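**Student:** Handing you this structure, nothing more for now.
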Amino acid sequence: MTEHTYDSRAEFAAEMDRREARNFESRFFKSDGTIYMDGNSLGLMSVDSEAALLRAADNFKRLGIGGWMSADPPWFTYAETLGAKMAGLVGAQSGEVIVTGSTTLNIHSLLSTFYKPRGSRTKLLMDELNFPSDIYAAAGHMRLLGRPEADLVLLQSRDDSTLDEDDIIGAFDDSIALVLLPSVLYRSGQLLDIERLTKAAHARGILIGFDCCHSAGAVPHRLHEWGVDFAVWCCYKYLNGGPGASAAVYVHQRHHSTPAGLPGWFGNDKATQFDMRPNFEQAGGAGAWQAGTPHIFSMAPIEGSLNIFAEYGIDNVREKSLRLTSYLMRLADDLPAEHGFTVITPREPHRRGGHIALTHPTESIRVNSCLKKRGIVPDFRFPNIIRLAPIALYNNFREVWQTVNAVREIMETREYLSESNDRDTVS
Ligand SMILES: *Cc1c(COP(=O)(O)O)cnc(C)c1O
């Protein structure tokens, strides 16, 4: 879609869908009568993920403990197998990614490894817009080390929704030991310039890691080439691995001999793990950043999902995602000004991830509730953000049109006035 061809009528959306060369919608379980726009919070299950999960269950049924070596693929190296399969999505080398833990625990593990205050270089730089769990983990880590509170620096946003890379780089001084930033901000959807920030950090002798929860599976990365020191992401958002799916860790090759901060027996060299010796022999790759036994049933759906990504290609995912989100923003721009909505997501393709954030000064909660009643699944983020994520793998242009048209109707008919202004616990 270009500016030239954009057309706000429903027929245009249908035409865009007809022109789509490849379509993976039928590989996902989409409920009839529902428009799912929340794949940035919990991606939908695919046929492939279900099959992989059933296969893992069947392996357990038939093989018992034998599954560690004889399951298809063997459980003993499943985390490494999936890590290698996922590496291309983030531009890592195959030994640089491991599927393990949860994002929050992995942050603890990587801070334990890479946050080494020394001399006057003592600070950990994050940002105030970061996902709360990341900040809680970092603050807890500082307490554990007995660091003063002032060592955790949260960079301020100028507008409460985006960060300016110049401001971030401006804060890279000699007091900073480590930087931990999101790739895509979970509320506004802003995508930071990972390459530029990494180069700037390294030029000042600072290590840098990224939380890629909102970009993995939506945006291509070149983590290895850019030299990013480490990264974490979850596999249940754009990667469709299911609720509580195991998360992922990337550690750049150059750090593979750095002692893992929270070691455990699955981070031992595979060849000697079952010798059960008291001395830890750290595995050669990112696998060293595992601790205990891998959660096979929380990993199998990821395997199925990765097969779909391998077929479609992350660049194609990104290209379609950008067309869907551009279209959504154009339709939102066409809403009458008196409806009061603003798109706070940056417009430039290289500055946005896979979702669009709409704000309304007073009615976001009620509009969000109305959308849900109509079978449209958005999500709400405090205080006034409605996030909409048209997912390249399973959403289409008609659904985007219907979603924005529903917002228009909810405002025109004042349907929102019938809803309460309280929000649900998980929205
Ligand atoms: C989703 C998300 C998390 C969630 O962490 P879990 O440990 O999986 O609950 C953490 N950080 C960011 C930036 C996220 O988007």
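**Student:** Taking segment 87-106 only, how many residues are in a helix (DSSP H, G or I), within 16 Å of the ligand (Cβ to nearest atom) and either in contact with a strand residue (DSSP E or B) (Cβ under 8 Å, 6 or more places away or on another chain) or over 19 Å from Gly242 (Cα atoms) (or both)?
**Tutor:** Result for segment 87-106: 3.
**Student:** Where in segment 154-236 are the strands (runs of 3 or more DSSP E), entirely inside, with at least 3 residues that are within 16 Å of the ligand (Cβ to nearest atom) and of a type in the set (A, V, I, L, M, F, W, C)?
**Tutor:** Answer list for segment 154-236: 176-182, 230-233.
**Student:** Report the residue count in segment 1-42 for those that are under 30 Å from Phe131 (Cβ atoms) and either part of a loop (DSSP other than H, G, I, E, B) or touching a Pro at 6+ places or on another chain (Cβ under 7 Å) (or both).
**Tutor:** Number of matching residues: 11.
**Student:** If you don't mind, another one. Looking at segment 153-164, I want the residues that are closer than 12 Å to Leu191 by Cα and have a partner that is hydroxyl-bearing (Ser, Thr, Tyr) with Cβ atoms under 6 Å, at least 6 apart or on another chain. Which pairs are those?
**Tutor:** Hits for this filter: Ser161/Ser188; Thr162/Ser188; Leu163/Ser157.
**Student:** Taking into account only those residues within segment 107-132 that are under 16 Å from His214 (Cα atoms) and outside any loop (DSSP other than H, G, I, E, B), which is farthest from the ligand (Cβ to nearest atom)?
**Tutor:** Per the stated criteria, the residue is Asp127.
**Student:** Which condition from (1) within 15 Å of the ligand (Cβ to nearest atom); (2) assigned to a helix (DSSP H, G or I); (3) of a type outside the set (Lys, Arg) is the one that Tyr78 breaks?
**Tutor:** Every listed condition holds for Tyr78 apart from (1).
**Student:** Another question, if that's okay. For segment 374-409, which positions are farther than 25 Å from Ala216 by Cβ, charged (D, E, K, R) and either in contact (Cβ under 8 Å) with a residue 40 or more places away in the chain or not in a helix (DSSP H, G or I) (or both)?
**Tutor:** Listed by number, the residues that qualify are Arg374, Arg398, Arg408.
Yes/no per residue for (1) touching a residue at least 24 places away in the same chain (Cβ under 8 Å); (2) part of a helix (DSSP H, G or I); (3) surrounded by fewer than 14 Cβ atoms within 10 Å (Cβ to Cβ):
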residue	(1), (2), (3)
Tyr250	yes, no, no
Ala271	no, yes, yes
Phe280	no, no, no
Ala288	yes, yes, no
Thr293	yes, no, yes
Phe309	yes, yes, no
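**Student:** Within the group Phe210, Phe230, Phe172, which residue is at pLDDT 95 or above, closer than 30 Å to Leu358 by Cβ and crowded, with 16+ Cβ neighbours inside 10 Å?
**Tutor:** Exactly one of Phe210, Phe230, Phe172 is at pLDDT 95 or above, closer than 30 Å to Leu358 by Cβ and crowded, with 16+ Cβ neighbours inside 10 Å, namely Phe210.
**Student:** Those residues that are in contact with a strand residue (DSSP E or B) (Cβ under 9 Å, 6 or more places away or on another chain), of a type in the set (S, T, N, Q) and surrounded by fewer than 20 Cβ atoms within 10 Å (Cβ to Cβ), I need them from segment 340-383; list them, please.
**Tutor:** Those that are in contact with a strand residue (DSSP E or B) (Cβ under 9 Å, 6 or more places away or on another chain), of a type in the set (S, T, N, Q) and surrounded by fewer than 20 Cβ atoms within 10 Å (Cβ to Cβ): Thr342, Thr359.
**Student:** Do we have any residue at all in segment 48-59 that's of a type outside the set (Val, Ile, Thr) and not in a helix (DSSP H, G or I)?
**Tutor:** So far as segment 48-59 goes, no, none of its residues is of a type outside the set (Val, Ile, Thr) and not in a helix (DSSP H, G or I).
**Student:** With the checklist (1) small (Gly, Ala, Ser); (2) within 21 Å of the chain's Cα centre (by Cα); (3) surrounded by fewer than 15 Cβ atoms within 10 Å (Cβ to Cβ) in hand, flag the one item Ala337 doesn't pass.
**Tutor:** Every condition holds for Ala337 apart from (2).
**Student:** Every residue in segment 133-150 that is surrounded by 18 or more Cβ atoms within 10 Å (Cβ to Cβ), more than 14 Å from the ligand (Cβ to nearest atom) and farther than 16 Å from Ser175 by Cβ, please.
**Tutor:** Initial filter on segment 133-150 (surrounded by 18 or more Cβ atoms within 10 Å (Cβ to Cβ)): 134-135, 137-138, 141-142.
Filter once more, keeping what is more than 14 Å from the ligand (Cβ to nearest atom): 141-142.
Of everything in segment 133-150, just one residue is surrounded by 18 or more Cβ atoms within 10 Å (Cβ to Cβ), more than 14 Å from the ligand (Cβ to nearest atom) and farther than 16 Å from Ser175 by Cβ, namely His141.
**Student:** Could you please give the count of residues in segment 246-301 that are within 16 Å of the ligand (Cβ to nearest atom) and under 24 Å from His224 (Cα atoms)?
**Tutor:** Count: 10.
The values are calculated or read from the model by the stated rules, or taken from the named source; none is laboratory data. All values reported here derive from a predicted model rather than from experimental measurement. Positions of Cβ are generated from backbone atoms using ideal geometry, with glycine treated the same way; all protein chains shown enter the neighbour counts.
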